[in-house]
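In what follows, a structure is listed as structure tokens, so that the remarks can point back to it.
Read-outs: derived from the displayed coordinates by stated rules, not from any lab. It should be emphasised that the depicted structure is a prediction, and the values quoted were computed from it without experimental measurement. Cβ: placed from backbone, ideal geometry, glycine included. Neighbour counts: every protein chain shown.
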Amino acid sequence: MSQIKKTQLTSEHERLGGKMVEFGGWWMPVRFRGIVEEHQAVRSGAGLFDVSHMGEILITGPDALRFTNTIVTNNVEKLEPDQALYTCMCYQSGGIVDDLLVYRLPEGYLLVVNAANTEKDYGWIVEHAEGDIQIANESDDYIQIALQGPRAAEILAPLTDENLDAIRFYHYAKGDVTGLPAIISRTGYTGEDGFEVYLKGGEAEAARVWRALLEQGKPFGLVPIGLGARDTLRLEMGYMLYGNDITQDTTPLEAGLGWVTKLKKGPFIGRDALLRQKEQGLRKSLIAFTVEGRSAPRHGYPLLLDGETHGEVTSGTFSPSLERGIGLGYLSTEAQAREGILAVNIRGKSVPASRVSLPFYKQGSHL
């Protein structure tokens, strides 16, 4: 078994009493004060996340734009110099390799990928490399800290010389944070306003920024956040989780990610399969639902239509914001065409469910 990896902030989490668990090969905090308390802190004030386990792959060279555009579904040519976009990478079959962010940097294109997929993604990109490009896995060099919540800008502003008001959603600026050079990106995984700060360095640099943010954020209710609240926050927004809601066996069209799948932009890996799927119709598609009472649907629970299993829950939880169970799952197209009674089998009991539109939580500060 390979050794569990640690981020540059592991010592900080342990110092703060974080409950540590193995996650995708990484030693990460699942909670500090409690999932519900941390979740509510982000919705009402601000929370601080260590996301240094995420992968960073840099593509440079004269053909970097052309190549990057052939391995992702979104249109990289549309990126402004200070902009990022959300996208997928697909296999030839149309199944999803990963979902990721692509940043247009002065030197090339930075791909920020899911932690558990970093080595797989890097190998897949190298395998398909063509043209005059250089591909570098810089994941070990990066510290990534996410500051999320409606008070995020007020907390970060005194620690940087950058004008945060000038950074639009899904854009970034290069500037200093606590005197260290960083990429300050107005992005996140919570539905709230906030920033993801990328910098290079080790434990000393990571602790410097982490501690400064926590100290600056005390008057605003800033607290450290673990993986538990990260999951409930992202699910309330309907954001995908690779390995649950999207996999190599699902396509972006089935997952409701047609908006990042630009079939008219020209060739990209998986395009032919996705065009065929669009012409022939989807076999299944992702739905969002709420359940009655205080029951919580969980990954793998059967989705029922008129008492018969027609799919399963891919992500589910009890929503702290809505105070009810919420979930995502796939139903066959045939089943969705029927006007049946939807339910979830929760520990052997059929619990009525209602389909809803995403996001579940509609009061996020960036909406």
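Assuming charge only on the beta carbon of Lys and Arg (+1) and of Asp and Glu (-1), the dipole of the chain about its Cα centre is about 1000 debye to the nearest 20.
Could you tally the net charge around Leu164, taking each other residue with its Cβ under 14 Å from the Cβ of Leu164, Lys/Arg +1 and Asp/Glu -1?
On the way: positive: Arg151, Arg168, Lys174, Arg186; negative: Asp82, Glu154, Asp161, Glu162, Asp165, Asp176, Asp193, Glu196.
For residues surrounding Leu164, the net value is -4.
Given charges of +1 on the Cβ of Lys and Arg and -1 on the Cβ of Asp and Glu, with all other atoms neutral, how large is the dipole of the range 238-356 about its Cα centre, in debye to the nearest 20? Once rounded to the nearest 20, the dipole reads 340 debye.
What separates the Cα centres of the range 218-261 and the range 80-112 is a distance of 16 Å. The alpha-carbon atoms of the range 55-126, seen along their principal axes, cover 29, 21, 20 angstrom, with the largest extent given first.
Taking amide H as placed 1.01 Å from N in the peptide plane, Gly61 has its amide H under 5 Å from the amide H of Gln134, each at least 5 places away in sequence or on another chain. Here the gap between Leu322 and Glu215, fully extended at 0.36 nm per residue and compared with their Cα-Cα distance, gives a gain of 35.5 nm.
Between Asp249 and Glu119, the C-beta separation translates, for a Förster distance of 25 Å, into a calculated FRET efficiency of about 0.80.
Taking every full run of DSSP H in the chain, the ones that stretch at least 15 Å from end to end by Cα along their long axis and average -1.0 or higher on the Kyte-Doolittle scale are 203-217. Can you pull the semi-axes for the range 200-279, root of five times each eigenvalue of the Cα gyration tensor, sorted largest first, whole Å? Gyration-tensor ellipsoid for the range 200-279: 39, 17, 12 Å.
Pairs exceeding a 30 Å alpha-carbon distance, out of Lys200/Lys262; Lys19/Lys120; Lys78/Lys362; Lys5/Lys265; Lys6/Lys78; Lys120/Lys362: Lys200/Lys262; Lys5/Lys265; Lys6/Lys78; Lys120/Lys362.
Give me the dipole magnitude in Debye, nearest 20, for the range 21-65 about the Cα centre, with unit charges on the beta carbon: positive for Lys and Arg, negative for Asp and Glu.
Details: 3 positive and 6 negative charges, 52 e Å.
Dipole size: approximately 260 debye.
For the range 194-241, the percent of C-alpha pairs falling in each 10 Å distance bin, counted from 0 to the bin holding the largest distance, reads 20, 42, 34, 5. The alpha-carbon atoms of the range 144-191 define a convex hull whose volume equals 75 cubic angstrom per residue.
Would you mind counting up the charge near Ala64? Only other residues with Cβ under 13 Å from its Cβ, with Lys and Arg at +1 and Asp and Glu at -1. Each step should come with its number before you reach the end.
On the way: positive: Arg66, Arg104; negative: Asp63, Glu77, Glu107, Glu130, Asp132.
Here the count lands on -3.
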